[in-house]
Each structure stands twice: as C-alpha cells, then as structure tokens.
Amino acid sequence: MEAEAAMAAAAAAAATGAVRVEKVRGRSAVTRCFAKYPLKLIAPSKAGRASSGAAWLYAITYGGGIVSGDIISCTVAVGDGCAAAMTTQASTKVYKAVDSKCSEQVLEARVGEDALFALIPDPVTCFSMARYHQKQVFHVFPNSNLVVVDWFTSGRYESGEKWNFSFYKSINHILLEDQPLFIDSVLLEQSSNFSIADRMQEYNVVAMVILLGPKLKHTQDQMQDEVKKMMSVQLRPPTSAGGRYSTRSQPLHPQRPPIIASCSPFGRMGTGMVARITAVSTESVYSFLRHHLAALEPFLGACPYPAS
C-alpha cells in the first residue's frame, strides 16, 4: 500500500493538471483545480441548473491544440456522492509531428461511491502527419457511475485532409476496486500496404461511448434498444419491388449507411455497456450523442452536446 501511495503521489506531482470534486454544503464543488502549460482548466461557478448540484470542468490547451511533443497528464478525483462533468470547448486539434515526436494525453480518474463522472469531450482531430497517443484510466467502485465518450475524426476532411495523420492510439482502462473491468485499445497507423484512408473508406468519424453504473441502467437499456432498431432498418437487405420472382437487378455494392452503431454489455450481470459508432459526418455523431445522452440532464444540470 505504501508503494502504491508513493507511485500515486509521484504521478500527481508530475501532472500538468489536477482536479478534486467534493461535497460542500450539499453540492458538488471543485475544491482543487490546478493546471500548467500546455493545459488550462476552467471550473465555471454557474454551469447547468443549480438544482442538479453537479460540478463542470472545461479542459483547454493554449494555442487551440496540442503541439508535437506535448505531454498532458491530468488527475481527477470525484468524491463519494458527487457529480462532475469534464468537457472541452471545441475539438482537440493535434498538430503535425516534428521529428516524429508524439503528442500525448494521460488522464487518471477516481470515481467515489455513488458518484458520477461524465467525460464528454469534443472529438480529437489529428492534422496531416500528426502522431497522437492517449491513455485514460478510471478507478471505480461497484456503485460508481461513469460516462466516457472517446472519439476522433479523419482530420480536416471538409478541406480534403482525410486520414492523413501518421499515428493514433487511444487506450481506456476501467478498474473495479483495482481489478480490470474493461480494457480497450484503438490503433490506427499508416501502412505501406494499405493507408488508413483505404481501410476507412468514406467514413470520417469513429466514436466509443461507455456507460457504467446503477444510475445509468435506464440509459444503457434505451440506447441498446434504439441502436438495435436503427441498425435493423439500415442494414436490412433491399427487396425487389416485383416480389421474389422479379427480374429487376439489385446493385452489386449497395450504399453503406451514413452511420453504423453497435452496443455490447460488459462486466458482471452487464453492469456496463459500450457503444461503438462510425459515421460519415461529425454532425451525425453529435446528433447521436445529443439524443442518447439527454437522460444525463437531471444528474448534470444540462444536456451534453447541446445544439449550437
């Protein structure tokens, strides 16, 4: 235990950001908020409905993006019975790598008993030749509640820059009382045989949503039901207008749906759920998240990803 405490203290000392949320007069309040270059943390005093009692945090980088070689490390502690949301003000831009230096972000969060932590950022957008690596570790209890949205785009695709970055890796670990509950890794890297663009075809956005905890069970069930219905319609084989004996030919390569989603439970008794989404446009994913995470408003005091 002493060794673990020493490691945690060393990690906190090396962090570029540290946040603590605790109960103050019956409300969740940010009692510690530290950040240094290249990270800036903003904890607005008014965000969402006051009746929700939730604390909000905005993570911002100086210069509007992450420069080659930047390393951002942040720790978050959400106390027992607290509710906190951490978001961004715009997409996280990762600039071109210089001398193959990777830009890195590391987040370690501890979510207390009966607490709720929602990590709901805008997407990561890697510019041409960028190299980016992020790792997120969440420590939870059996009755902790966790929302994680982890997503990225193909780049500045509206300007023709599509899947031109060199390297992208994202790792997410959830530890239940220090035992692995959920481990996920996404890696995209340019290859001499097939480029990332060749593999991704017309899709420009990849997203993952994690929902965990008793307070989010209804949201999990609703998302799974609606995704199942949506995909059963979108992936239904086309039928001939003239019936089974019609001679009208069908296209050899039917058009792919603009958004594809799937949901899978994880953990004992399906206490958690992960949804995976890929889409042609960023706005379609924003709409998906806005709709399916609207049920978080009573806990956070505001809907994630409000329409602009």
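The values are calculated or read from the model by the stated rules, or taken from the named source; none is laboratory data. All figures in this text were calculated on a predicted structure; none of them were measured in a lab. Note that each Cβ is placed from the backbone with ideal geometry, even for glycine, and that neighbours are counted across all protein chains shown. Side chains are part of the model used for accessible areas, which takes the heavy atoms of the whole protein and leaves out ligands, DNA and RNA. Shrake-Rupley method; radii C 1.70, N 1.55, O 1.52, S 1.80 Å.
Before moving on, here are some points about what is shown:
- Applying the condition of being small (Gly, Ala, Ser) and over 15 Å from the mean Cα position of the chain (by Cα) to the range 91-150 and asking which residue is surrounded by the fewest Cβ atoms within 10 Å (Cβ to Cβ) yields Ser100.
- Qualifying residue in the range 213-233 (condition: among the β-branched types (Val, Ile, Thr), open to solvent by 20 Å² or more (accessible area, probe 1.4 Å) and under 16 Å from the mean Cα position of the chain (by Cα)): no
- Test result for Ile71, open to solvent by 30 Å² or more (accessible area, probe 1.4 Å) and in contact (Cβ under 8 Å) with a residue 40 or more places away in the chain: yes
- Hits in the range 162-198 (condition: in a loop (DSSP other than H, G, I, E, B) and touching a strand residue (DSSP E or B) at 6+ places or on another chain (Cβ under 6 Å)): Phe165, Ser166
- Comparison of Gly272, Gly267 shows that the only residue that is modelled with pLDDT of 95 or more and either touching a Leu at 6+ places or on another chain (Cβ under 8 Å) or open to solvent by 80 Å² or more (accessible area, probe 1.4 Å) (or both) is Gly272.
- Only one of Gln89, Gln105 that is without any contact (Cβ under 8 Å) to a residue 40 or more places away in the chain, touching a strand residue (DSSP E or B) at 6+ places or on another chain (Cβ under 8 Å) and assigned to a loop (DSSP other than H, G, I, E, B): Gln89
- When Gly81, Gly48, Gly69 are checked against the criterion of being at pLDDT below 95, part of a loop (DSSP other than H, G, I, E, B) and closer than 22 Å to Glu108 by Cβ, a single residue qualifies: Gly69.
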